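Worksheet: the structure to be examined is printed underneath.
Nothing in this text is a laboratory measurement; each read-out follows from the coordinates by a stated rule. Note that the structure is predicted; figures quoted are calculated from it, not measured. Here the Cβ is made from the backbone with ideal geometry for all residues, glycine too, and neighbour counts use every protein chain on show.
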Amino acid sequence: MLPTTTQPDIPFRLMISPKGTTIVTGIKITGLINGVSKSENVTCTAEEVSYSKNFYDSITYLGSRSYFLGSTINITAIDDAYQPIYWRATSDPYPCVFSTINGLSAQIMPDPYGLLTNVGHYVRAPIKAPVYKNMEVLISPGYENEVWVPVSDFDKICLPISNIPIEWAFRVMSKADVQT
């Protein structure tokens, strides 16, 4: 697996979430901590989230110790409060920010089997960007094969005191997940 070239600029841990497997999944992580290369092995039991022990400055290698075809592994950079760390990526023609909220900050929903968290995906775009309900959003890197669509109202985010609108904020879902 190739680590992303865009990584947080603060120390971070990794959250490893396997899906579609019933066996133990192992990941070898190698990264830099204060300029020194360190490695650790993280083991996840079937579809159970696990966390790295180390806080890394950057990740240089991710390797599978037991990974099977049809399984997926979601690896997320998190802070010391186990919350995802986000960084900005510039997009054309408008510089937008795409973020995912999950974990403790996610919406909690009842389910017949207990409480589940609802992962939310959000886009923030400059106020000059044209937004409309039937638009489609492409996000790269990381989501090259998905098309995203708005599923909420478009909120105007304003500067305090003067209340000058500076950006749009809205929730999106993968078009494949939206029921028509």
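Taking label positions 7 Å along the Cα-Cβ direction at both Cys158 and Glu144, the computed distance is 4.2 nm, reported to one decimal. Taking other Cβ atoms within 10 Å as a rough exposure proxy, Ser140, Ser162, Ser174 sort from fewest to most as Ser162, Ser140, Ser174. Between Asp9 and Val151, full extension at 0.36 nm per residue minus the direct alpha carbon distance yields a gain of 48.0 nm. The ratio of the alpha-carbon radius of gyration of segment 13-78 to the globular-protein estimate 2.2 N^0.38 Å is 1.08. Near Met173, the amide H atoms lying under 5 Å from its own belong to Val149, Val151; only residues 5 or more places off or on other chains count, and H is placed 1.01 Å from N.
So which of Lys133/Lys175; Lys19/Lys133; Lys128/Lys156 end up more than 22 Å apart by C-alpha? Going by Cα-Cα distance, Lys19/Lys133 fall outside the 22 Å limit. Counted residue by residue at 0.36 nm each, then reduced by the alpha carbon distance between them, the extension gain from Ser39 to Thr60 reaches 6.6 nm. Modelled spin labels at Val178 and Thr72, positioned 7 Å past Cα toward Cβ, are 1.8 nm from each other.
In this structure the amide hydrogen of Ile33, modeled in the peptide plane, comes within under 5 Å of the amide hydrogens of Lys38, Asp57, none closer than 5 places in sequence on its chain.
Given R0 = 41 Å, the distance between the Cβ atoms of Tyr51 and Met135 translates into a calculated FRET efficiency of 0.65. For segment 117-180, GluC sites (Glu not before Pro) meeting the loop criterion (DSSP other than H, G, I, E, B) and having at most 12 other Cβ atoms within 10 Å: Glu136.
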